[in-house]
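The values are calculated or read from the model by the stated rules, or taken from the named source; none is laboratory data. The model shown is predicted, which means the values in this text are computed figures rather than measured ones. Every residue, glycine among them, receives a Cβ derived from its backbone with ideal geometry; neighbour counts consider all protein chains shown. To get the accessible areas, we keep the full protein, side chains included, count just its heavy atoms, and leave off ligands, DNA and RNA. Shrake-Rupley method; radii C 1.70, N 1.55, O 1.52, S 1.80 Å.
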Amino acid sequence: MSETAAIAVDDIRKSYGDLKAVDGVSFTVAEGEFFGILGPNGAGKTTTLEIIEGLREPDSGSVTLLGRSPWPRDVELLPRIGVQLQASAFFDKLTAREQLETFAALYGVTAARAGEVLELVGLTDKAETREDKLSGGQRQRLSIACALVHEPDVVFLDEPTAALDPQARRNLWDVLRAIQERGKTIVYTTHYLDEAEILCDRVAIMDRGRILAMDPPATLVRGLDAATHVILEKGALTEAEAREFAGVEEVHTDEVSLTISTRQPAPVLAALAERGRLDGLQVRTATLEDVFLDLTGREYRA
Amino acid sequence: MSRPSAFKSLAAAAVKGYVRDKATLFFTFFFPLMFLLVFGLIFQDTGTDKIKLGVVGDGPVISALEKTGTVEFERFDSMDAAVTKVRDGDLPGLVAQNGDKVTVRYAQSDQTRAAMVQGLVGGVVDKVNVQVTGQAPRFSVDSTNVEDQSLKGIQYITPGILSWAVAASAVFGAALTLVTWRKKQVLRRLRLAPINASTVLSARVAVTIGVAVVQAVIFVGLALLPIFGLKLSGTWYLSIPVFLLGTVAFFAIGMLVGAFAKTEDAAVGAANIVVLPMAFLSGTFFPIDNAPGWLKAVSNVFPLRHMNDGMLNFLVRGKGAEALLLPCGVLLGFTVVVGFIASRVFSWED
Ligand SMILES: Nc1ncnc2c1ncn2[C@@H]1O[C@H](COP(=O)(O)OP(=O)(O)OP(=O)(O)O)[C@@H](O)[C@H]1O
Ligand SMILES: [Mg+2]
C-alpha cells in the first residue's frame, strides 16, 4: 500500500493468567481505510482495540498510532482518535445533548457540534432524553456520536451495530460510510460477517487471540474456491435431472428445497433457464461465514 | 460561553447528576434538616426557658424585673388568686408591689426555682434601691456569661448537624461518583479525553464544596429564624476555613472508600461504616463534654470531632483565630494522608 499507515501493530500479546487473550497480532491500517476485525465472543477483538487505543498495555509487541505510541497515555494523540467502547460510557442522568456537550467541552470543541453529531446518528428527536431513558440501539448511536464529536482522524468502534434493529443497522452503515468519505480511518469490530463484507475495505478474522486471515472480503471469499449453491423450490426438478447438468458436483434435497452445488454456475443456470425452471431460484455464493468455517473447521456462531 | 472549559463542563455534569437524583437530594438536605428541626424544637423548650412569675400590682421593681428578660409574667388582680396558683404548683412564685412594699411568695416544693425567684427579685430590688437613692454600692460584682449558655439547644446542635451532614454527603458523593464512573466506564472514557486527572478531580471537589456551602446556608439560615433562635458569635467567619478543610477531608475519605469498593452497594456500606460511628462519637447529637474520658480520647482520632469542635468554637463560642490551628491542622493532615492512600489504591477499571 502506498498510503501512510495510520496504525501499525506489531506482534502484540496480552495474557490474563493462563488465558492468551491476544496471542501475537500484527497488522497495519492505511489512512482512510475501513478495517474490520471479525470473530466470535472472546476472540480478543476488544482487547486488541483497547491496546491500540492506549487503554491497555500489551505484555509485548508495539503499536504505532498516527506515528506515536499510544502507551503510556499521550495527551497530544488523544484528540486525534475517537473511541466508542463496547459498553457505553455516559454521565449519570444527563440528556443525549448534554452528554455530547460535555464531551465537546472535554475536547475543546464548540457545543454546536453536539447538534451536528446528533443529526448524523439520527438522534435529533431524542436530544432532550436522559441517557437512562434511551433504548439499547439509541444508546449505541449516542455512544458513537460521543466518539465523533471532536472530529477525530481515526475512529475505533467496538461492535457499533450490536443491539440495533435492521433499519437502524442500515442507517448506521450510511453513517459509517459518510465518516469514511470524510477521509477518516475506521477500525471496527463486529460479529456480522455479512456486514463486514459490505462495509470493510479489509477484514481480519480473529479467533482465540490470533488473526487467521486478513484481506479484502472478496479476496478471502474467492480464495476459498468454494462451491456456489443454486437453490430451487422442492419439486421443481428431480435430483436425477439435476445431476445430469454439466458441472454439478453435488445435489441435496431437504423438506423445502433442492440445492445444487457447483463451481461453474453459468452452465447450470443456462440449463435451468432452458427448462424454464427459474421460479423461486436463489443463488448463494460463498461468504465470510464459509471462510470462517474453512479456517477453523467450526460453524460460525456470533 | 459556546466553548466552556473541561473543568466547568465536568462540574456542570456532576451538578446536574446531583440535583436530578431525588434520593441524593433527600439525604443531602432534607434528612439532616429533619434532625435539625426536631432537635431544634426539642431544645427550644428547655434551652430558652424563662421563669414564670405571678405578678400582682405594679411599680419600679416589677418593671425592672420585666426588663431582665428572664421572667415571664402572669398577672393577677388579687393576691389571693396568685397565692392559690403558687400553692397548686402552677407557678414557682409570685411578686407583688404595693407602693414601697415588695412581697415575694414561693413554693418550697421546687427549691431550685424558689431560690432562683428569691435571688432574682432580691437582686432587682437592690439595683432599684441603688438607682433611687443614688448612693454608690460598696461592693460590686462583675459577672459575664462565659460560654455555657451558648451550648444550649440550637447553639449546640447547629454546628454538629451541619458538620455531620457535610461529612456524610462529601463521603457518599465522592465514593459513589467514583464507583459509578468506574463501573459505567466513564473513567476509561475520560482517560481517552485530552484532559488531566487533576481537572476531573478538582471539578468534583468544587461540586462537593458547592453542595456543602448550600447545606450551610440552608441549615444556618433556618436555625437563625426566631423560632429556633440561633445566635452567631462575633467570630463566626473563622469557621469558614474549618468548614472548607473539613469538606475536602471528607471528600478524600470518600475517594478512598470509592477506590476500594467495587460496587455501589459496597460503597454505601463502607461509607456508612465510616460516617455513622464518627457521627455518634464526635458530638453531633450530644455534647462530647459529657461523655466518659476514654470516649473523649477516642473521639479525637475522628476528623469529624475536629470539624465539629472548630465549627462550635467559631460559630457560637466566639473563640479567636488562635483556635484555628488544631482543627485546620488535623483536617489538612487527614486530607493529605487519606488522599495519598486513595491515589495509590485508585484504579481506572475493575
Ligand atoms: N480484564 C480481563 N481480565 C481477565 N480476562 C479478560 C479480561 N478482559 C478480557 N478477558 C478475556 O480475554 C478474552 C478476550 O476478550 P475480548 O473482550 O478481547 O473478546 P472479544 O473478541 O471482544 O469478545 P466479544 O465479542 O464477546 O466482545 C476473553 O476470553 C475474556 O474472557
Ligand atoms: Mg468485545
Subject >> Size of electric dipole in the protein assembly as shown: Cβ of Lys, Arg +1 and of Asp, Glu -1, about Cα centre, debye, nearest 20 >> reply: 2500
Original post:
Just for the stretch A:5-221, what percent of DSSP beta bridges are antiparallel, to the closest 5?
Top reply: 55
Original post:
Taking the Cα centre of the stretch B:199-350 as origin and charging only Cβ (+1 Lys, Arg; -1 Asp, Glu), how large is the dipole, in debye to the nearest 20?
Top reply: 360
Original post:
Among A:F103, A:G297, B:A13, whose Cα sits farthest toward the positive end of the charge dipole of the protein assembly as shown (+1 at Cβ of Lys/Arg, -1 at Cβ of Asp/Glu, about the Cα centre)?
Top reply: B:A13
Subject >> Antiparallel bridge percentage (DSSP; both residues within the protein assembly as shown; nearest 5) >> reply: 60
Original post:
Once the stretch B:194-350 is represented by equal point scatterers at the alpha-carbon sites, with solvent omitted, what log10 I(q)/I(0) does the Debye formula produce at q = 0.17, 0.19 Å⁻¹?
Top reply: -1.12, -1.33
Subject >> Mean ellipticity per residue at 222 nm, deg cm²/dmol - from DSSP H runs of n ≥ 4 across chain B, formula -39500 (n - 2.57) >> reply: -21000 deg cm²/dmol
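Using R₀ = 30 Å, calculate the FRET efficiency as 1/(1 + (r/R₀)^6) where r is the Cβ-Cβ separation of A:E289 and A:E181; round to 0.05.
Plugging the Cβ-Cβ distance into 1/(1 + (r/R0)^6) gives 0.60.
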**OP:** Take the cross-link list B:K52/B:K231; A:K184/B:K184; B:K85/B:K127; A:K184/B:K183; B:K67/B:K231 and give me the ones stretching past 26 Å between alpha-carbons.
**Re:** A:K184/B:K184; B:K85/B:K127; A:K184/B:K183
Original post:
Considering chain B as a Gaussian network with a 10 Å cut-off on Cα pairs, which listed residue, B:G54, B:G318, B:G160, attains the greatest mean-square fluctuation?
Top reply: B:G54
**OP:** Would you mind checking the tilt of helix B:31-47 against the longest principal axis of the Cα atoms of chain B, expressed as 0 to 90 degrees and rounded to 10?
**Re:** 10
Original post:
Relative to the longest principal axis of chain B, what angle (0 to 90°, nearest 10) does the C-alpha long axis of helix B:197-224 take?
Top reply: 20
Original post:
Binned at 10 Å from 0, what are the whole-percent values of the Cα-Cα distance distribution for the stretch A:31-96, short to long?
Top reply: 16, 44, 32, 8, 0
Original post:
If you take the beta carbon distance between A:E274 and A:I198 as r and set R0 to 30 Å, what does 1/(1 + (r/R0)^6) give as a FRET efficiency, to the nearest 0.05?
Top reply: 0.35
Subject >> Accessible surface, 1.4 Å probe, highest first, among residues A:H150, A:H229 >> reply: A:H229, A:H150
**OP:** Give the shape of the stretch A:228-285 as rounded, prolate or oblate, defined through the alpha-carbon gyration tensor: a ≥ b ≥ c are the square roots of its eigenvalues, a/c under 1.5 means rounded, and otherwise the shape is prolate if a/b is larger than b/c and oblate if not.
**Re:** rounded
**OP:** Assuming 1.306 mPa s and 10 °C, estimate D for chain A with Stokes-Einstein, Rh taken as the Kirkwood radius over Cα pairs, in µm²/s.
**Re:** 74
**OP:** Please give every one of the lysines within straight-line cross-link reach of A:K14, meaning a C-alpha to C-alpha distance under 21 Å, and leave out same-chain neighbours fewer than 8 residues apart.
**Re:** A:K45
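Rounded to a whole number, what is D in µm²/s for the stretch B:51-133 from Stokes-Einstein with the Kirkwood radius over alpha-carbon pairs (20 °C, 1.002 mPa s)?
D = 170 µm²/s.
In debye, nearest 20, what is the charge dipole magnitude of the stretch B:17-131 about its Cα centre with +1 on Lys and Arg Cβ and -1 on Asp and Glu Cβ, if you could check?
Once rounded to the nearest 20, the dipole reads 280 debye.
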Subject >> Length-normalised contact order for the stretch A:148-245 - Cα pairs under 8 Å, 6+ apart - percent >> reply: 21
Original post:
Picking from A:V251, A:I211, A:S261, whose Cα lies most toward the positive end of the charge dipole for the protein assembly as shown (charges on Cβ: Lys, Arg +1; Asp, Glu -1)?
Top reply: A:I211
Subject >> Relative intensity, log₁₀ I(q)/I(0), of chain B from a Debye sum that treats every alpha carbon as a point, q = 0.07, 0.08, 0.11 Å⁻¹ >> reply: -0.45, -0.54, -0.81
Subject >> Under the Karplus curve 6.51 cos²θ - 1.76 cosθ + 1.60, θ = phi - 60°, whole-Hz ³J(HN,Hα) for the stretch A:157-170, x wherever Gly or Pro sits >> reply: 10, 9, 6, x, 9, 5, 6, 9, 6, x, 5, 5, 4, 4
Original post:
Taking springs between alpha-carbon atoms closer than 10 angstrom, which of B:Y156, B:Y106, B:Y18 fluctuates most in the Gaussian network model of chain B?
Top reply: B:Y106
Original post:
Which Cα, out of B:A267, B:G318, B:H306, lies furthest along the positive dipole direction of the stretch B:255-318 (beta carbon charges, K/R +1, D/E -1)?
Top reply: B:G318
Original post:
In the stretch A:189-224, which residues have a backbone nitrogen under 17 Å from the label point lying 7 Å from A:A162's Cα in the Cα-to-Cβ direction?
Top reply: A:189-196, A:206-209
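Do any trypsin sites (Lys or Arg not before Pro) in the stretch A:158-203 lie in a DSSP loop with no more than 15 other beta carbon atoms within 10 Å, and if so, which?
On the way: sites: A:R169, A:R170, A:R177, A:R182, A:K184, A:R202; in loops: A:R182, A:K184.
Loop-located and lightly packed - A:R182.
For the full complex of protein chains and a 1.4 angstrom probe, list A:K93, B:K296 by accessible area with the highest value first.
B:K296, A:K93
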Subject >> Nearest-ten-degree value, helix B:239-260 long axis tilted from longest Cα axis of chain B >> reply: 40
**OP:** Compare B:G310, B:G221, B:G99 in a GNM of chain B, Cα atoms joined below 10 Å, and give the one with the largest fluctuation.
**Re:** B:G99
